[in-house]
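Student: I have a structure here, written as structure tokens, and I will follow up with some questions on it.
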Amino acid sequence: MTTQIIPGFCRCCPAACSILATVENGKAIKVTGDPDSPMFKGYTCAKGRALPEMHNDENRLLHCLKNDGNGNFVPIASQTAVAEIAAKLQDIIDRHGPRAVASYWGTGSVSCATGIYMLGAWSQAIKSPMVFTASAIDKPGANIALALHGNWVAGAQSFESSDTWIIVGANPIISRTSSVPSNNPGQEIKNALKRGMQLTVIDPRRTETAKRAQLHLQARAGEDPTLLAGILHILIEEDLCDAAFIRENVQGFDTLKDALASFTPDYVAARCGIAKKDLLKAARTFGNGKRGMVVCATGPSFSTHSNLTFYLALSINTLCGRWARAGDVATYPNALLPAYTPKAQPYAPYSAFGEVALRVNGLRQNASGMPTAALADEILLEGEGQVKALLCVGGNPLQAWPDQARTLAAMKKLDLLVAFDYQMSETARYADYIIAPPLSLEYPGTTQFIESIKYIGVSRGFEGAWAQYSPAAVAPPEGADVMDEREFFFRLAQEMGLQLEWTNFFGAGPHLEAPLEKLPLDMTSLPSTDDLLEIQCRNARIPLAEVKAHPHGLLRSDDVPRVQPRDADCDAFLQLADPLMMAELQQVLNEEHRRSQSNEKFPFTLLCRRDNNFMNSFGQRHRSLSRGRNFNPLGVNSADMEKLGVRDGGMVTVCSRHGEIRAIAEADDSLPPGTVSLSHGFGNAENDGDPREVGSPVTRLIGLDEYDPISGIPRMSALPVAIAAAGT
């Protein structure tokens, strides 16, 4: 028996924890955290430890499949699949134009970042702008708010150096990918509290993170912009702002002050359902602190007015001067990204709108990308510009996109649906072709893509100069015919006679520290993943060869750039009073405040949440993660369960204005009365089945009639619902 222990990093989610893979006779049998990793120090989560089960799953797809037209899937050689797909795509382009071909990549693409870039190169080669991503239905407000407010060249202040921190609608102890450094966020919070950080969490549920905070503002769901406006009001009225920073770097202060006049502590506390003293404490603690940030995540993004929520959070940071200052060590100094000079100066606001217009709802490309929530309608709407083909990479639209019924109709209407998946997911069931990919332990990767997430929001990516290269630990199982996205799109281009140009696309918007470069690829020879990693990291601040020389990862504590002073000729300002955002702030104020608890038809508010062991729709089918429970329980306050006459574990129906599902109720007193919660990523698209066996699809409750006018994201949480006991 030959046993190897191979260091690398997990690619289940954007945390990218360092791991050790134990390999026996070419088969991964165990994954643990890497205690020799200078960044993660042995930490990993259950998802990473389940990698061997994922790779060795007896139901894993090891051959590409073709739908025979009757719903039956038959094996097809990968190269034959590419040739057939290329011919069908070319026919669609010839008949309907390149806009008829769309692609969507989800969070599963984290495992094969070179595939995303190759997809981008292929889409540019066919001249299709219809590239959609999960970012536009996750946190589109992060990039849109940055565009309207402006960014800070030196970046955010670090979590490690801060004495105050406000988390809005994030639960990093569970999600691990935002608002707190991802290298063991629970321990990071514990260490921060020990050194004296004052942590405030704003969340309608008493989450695992909220339980550790000194102050938890358990505001009503959907009232995040109201609450942040109240904090801004207090900061201004009590002169807790950084006047010198504002004079040098800010425009729109007086306009914002006037717009906030009605958001008094009394009004905000009553509307949000919190104590006035707690609101005052949150604002005063942050305003009197020296360093720290307000950070938002998926929670407020899923509710209405998400752009405004992110914008107001940025405005709090700006009013208090909470950006990296001259002399600070750069929080995000770049490692496998290009070198740059961090400067204590603004990056001026830029347009939140792109050039490409959609045909529905007046939506267009924006700073978060193409509006993914509108893609189903772009498929269903007849006429010129209709999407006829969809290539789905690392995503599962039927369990991720809003309005599941509409998404299902769209998947069925396509002339061609190609899904990349290692299992028969809900979306794959309706595909014309399923491309079976290798899995993350079977090909190399780097942390550069995760590092580049710093460009999406202000508190993501790695704090510090951290990088790791992960080699292939095992080969695909013997006899498998798998093809990764890198190879698929390159082969597709060859079949279609296209020239690909490689571009490192880090994020939406112009606020990159190095100009994008296009590099023509040699189309006569398939580049290996390692070839592309070399190209991807060719301008890295720390050479890839040096990173490879540190198999447990490289954390460069020396040679980290410090923030330089503002350029003498810098005339950029951060904008506190963007007209779109000021109009939306007035809209929030003018809205009739209907508390869901008093709504007779839909008296409950449903929160969409994450589960500790799953990453969106990944993991539910693996026993070590599901622990034998194949469903997502509906969390209900025990007092509400008693009123409803529902026992713990009993069946209920959940109805919204858009749909109805059945779910299994579970007592959860982390929720206030009148509020329930349900994890996403579960349930069948067409055949409900027993929710104890398949779970409950929260997307069936989400409609598209109420949407953000910039990003197109609908209300995906804080949903008004009715609940009733159901038969077993």
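Readers should treat all values here as calculations from the given coordinates under stated rules, not as data from a laboratory. In this text the structure is predicted, and so the values were computed from the model without any measurement. Don't worry about glycine lacking a Cβ; one is built from the backbone with ideal geometry, like all the others, and counts go over all protein chains shown.
Student: Of THR372, ALA639, PHE286, whose Cα points farthest to the positive end of the dipole of the chain (charges on the beta-carbon: +1 Lys, Arg; -1 Asp, Glu; origin at the Cα centre)?
Tutor: Projecting each Cα onto the dipole axis, the largest value belongs to ALA639.
Student: Sticking with this structure for a sec: Which GluC sites (Glu not before Pro) from the range 642-694 combine a DSSP loop assignment with at most 15 other Cβ atoms within 10 Å? Please report the intermediate quantities before stating the final value.
Tutor: Numbers: sites: GLU642, GLU660, GLU666, GLU686, GLU693; in loops: GLU686.
Taking the range 642-694 and a limit of 15 other Cβ atoms within 10 Å, the loop GluC sites (Glu not before Pro) found are GLU686.
Student: Magnitude of the Cβ-charge dipole of the chain, K/R +1 and D/E -1, about the Cα centre, nearest 20 debye? Each step should come with its number before you reach the end.
Tutor: Details: 68 positive and 80 negative charges, 317 e Å.
In total the dipole reaches around 1520 debye.
Student: Under 5 Å between amide hydrogens, which residues at least 5 positions from ASP708 or on another chain qualify, with H placed 1.01 Å from N in the peptide plane?
Tutor: Hits under the 5 Å cutoff: ILE713.
Student: Which ³J(HN,Hα) values in Hz, rounded to whole numbers, follow from the phi angles of the range 165-177 under the Karplus curve 6.51 cos²θ - 1.76 cosθ + 1.60, where θ = phi - 60° and Gly and Pro get x?
Tutor: 7, 10, 10, 10, x, 10, 9, x, 4, 9, 7, 6, 10
Student: Output wanted: per-residue J couplings in Hz (rounded whole) for the range 49-55, from phi through Karplus 6.51 cos²θ - 1.76 cosθ + 1.60, θ = phi - 60°, x for Gly and Pro.
Tutor: For the range 49-55, the Karplus-derived couplings read 5, 8, 4, x, 4, 5, 5 Hz, x marking Gly and Pro.
Student: If you don't mind, another one. Mind running the shape call on the chain? Use the C-alpha gyration tensor, a ≥ b ≥ c as the square roots of the eigenvalues: rounded below 1.5 for a/c, prolate if a/b tops b/c, oblate otherwise. Intermediate results must be reported in sequence, preceding the final value.
Tutor: Values: a/c = 1.43, a/b = 1.18, b/c = 1.21.
The shape class here is rounded.
Student: Which trypsin sites (Lys or Arg not before Pro) in the range 264-329 sit in a loop by DSSP (not H, G, I, E or B) and have at most 13 other Cβ atoms within 10 Å of their own Cβ? Could the numbers behind the result be given before it?
Tutor: On the way: sites: ARG271, LYS276, LYS277, LYS281, ARG284, LYS290, ARG291, ARG322, ARG325; in loops: LYS290, ARG291, ARG322, ARG325.
Answer in residue order: LYS290.
Student: How large is the dipole of the range 146-240 about the Cα centre if only Lys and Arg carry +1 and Asp and Glu carry -1, each at its Cβ, rounded to the nearest 20 debye?
Tutor: Values: 9 positive and 10 negative charges, 115 e Å.
So the magnitude is around 560 debye.
Student: Using the Cβ atoms and a cut-off under 13 Å, what net charge is assigned to the surroundings of GLY120, where Lys and Arg are +1 and Asp and Glu are -1?
Tutor: On the way: positive: LYS127, ARG486, LYS518; negative: GLU485, GLU501.
Residues close to GLY120 contribute a combined charge of +1.
Student: Turning to a different aspect of this structure: Collect residues whose amide H, placed 1.01 Å from N in the peptide plane, falls under 5 Å from the amide H of ASP669; neighbours closer than 5 in sequence don't count.
Tutor: Result for ASP669 returns SER638.
Student: Using a 10 Å cut-off on Cβ atoms, rank the peptides 227-236, 627-636 from the highest mean neighbour count down. Intermediate results must be reported in sequence, preceding the final value.
Tutor: Working: 227-236: 25.1, 627-636: 19.2.
So the order, starting with the most tightly packed, is 227-236, 627-636.
Student: A further question on this structure: Can you tell me which lysines have their Cα less than 20 Å from the Cα of LYS88? Leave out same-chain residues fewer than eight positions away.
Tutor: Once the sequence-local lysines are set aside, what remains near LYS88 is LYS66, LYS127, LYS388, LYS412, LYS413.
Student: If you don't mind, there's one more thing I want to ask. At a Cα cut-off below 25 Å, give the lysines reachable from LYS643, other chains included and same-chain residues fewer than 8 away excluded.
Tutor: Straight-distance partners of LYS643: LYS601.
Student: Which one, PHE682, GLN423, THR503, projects farthest toward the positive side of the charge dipole computed for the chain from Cβ point charges (K/R +1, D/E -1)?
Tutor: It is PHE682.
Student: Take every DSSP beta bridge whose two residues both sit in the chain, then give the antiparallel share in percent to the nearest 5. Walk me through the numbers on the way to the answer.
Tutor: Working: 50 of 90 bridges.
If we restrict to bridges inside the chain, about 55 percent are antiparallel.
Student: Summing +1 for each Lys or Arg and -1 for each Asp or Glu, what net charge is found among the other residues whose Cβ lies under 11 Å from the Cβ of GLY42? It would help to have the intermediate numbers written out before the result.
Tutor: Values: positive: LYS41; negative: ASP34, ASP36.
That sum, taken over residues with Cβ under 11 Å, equals -1.
Student: Among residues other than ALA376 whose Cβ falls under 12 Å from its Cβ, what is the net charge (Lys/Arg +1, Asp/Glu -1)?
Tutor: Values: positive: ARG406, LYS412, LYS413; negative: ASP377, GLU378, ASP403.
Result for the local shell: 0.
Student: Would you be so kind as to identify which of PRO172, GLY461, ALA210 lies farthest towards the positive end of the dipole of the chain, taking Lys and Arg as +1 and Asp and Glu as -1 on Cβ and the Cα centre as origin?
Tutor: Toward the positive end, the furthest listed residue is ALA210.
Student: For a protection proxy built on the mean count of beta-carbon atoms within 10 angstrom, sort 310-317, 95-102 highest first, please.
Tutor: Working: 310-317: 28.6, 95-102: 18.8.
The packing order, highest mean first, is 310-317, 95-102.
Student: Taking a threshold of 30 Å on the Cα-Cα distance, which of the pairs LYS47/LYS343; LYS47/LYS211; LYS47/LYS518; LYS211/LYS276; LYS211/LYS548 fall above it?
Tutor: On the way: LYS47/LYS343 38 Å; LYS47/LYS211 23 Å; LYS47/LYS518 36 Å; LYS211/LYS276 20 Å; LYS211/LYS548 40 Å.
Cα-Cα > 30 Å for LYS47/LYS343; LYS47/LYS518; LYS211/LYS548; rest within.
Student: What is the packing order of peptides 160-168, 25-33, taking the mean over residues of other C-beta atoms within 10 Å and listing the highest first? Let's see the in-between values first.
Tutor: Numbers: 160-168: 22.1, 25-33: 15.9.
Ranking, from highest mean packing down: 160-168, 25-33.
Student: Related question: Quote to one decimal, in nm, the extra length available between LEU644 and ASP57 on full extension: 0.36 nm per residue of separation minus the C-alpha distance between them. Before the final figure, lay out each step's value.
Tutor: Working: separation 587, 0.36 × 587 = 211.32 nm, distance 4.08 nm.
Length gained, LEU644 through ASP57: 207.2 nm.
Student: Which ³J(HN,Hα) values in Hz, rounded to whole numbers, follow from the phi angles of the range 357-365 under the Karplus curve 6.51 cos²θ - 1.76 cosθ + 1.60, where θ = phi - 60° and Gly and Pro get x?
Tutor: 9, 8, 8, 10, 6, x, 7, 8, 3
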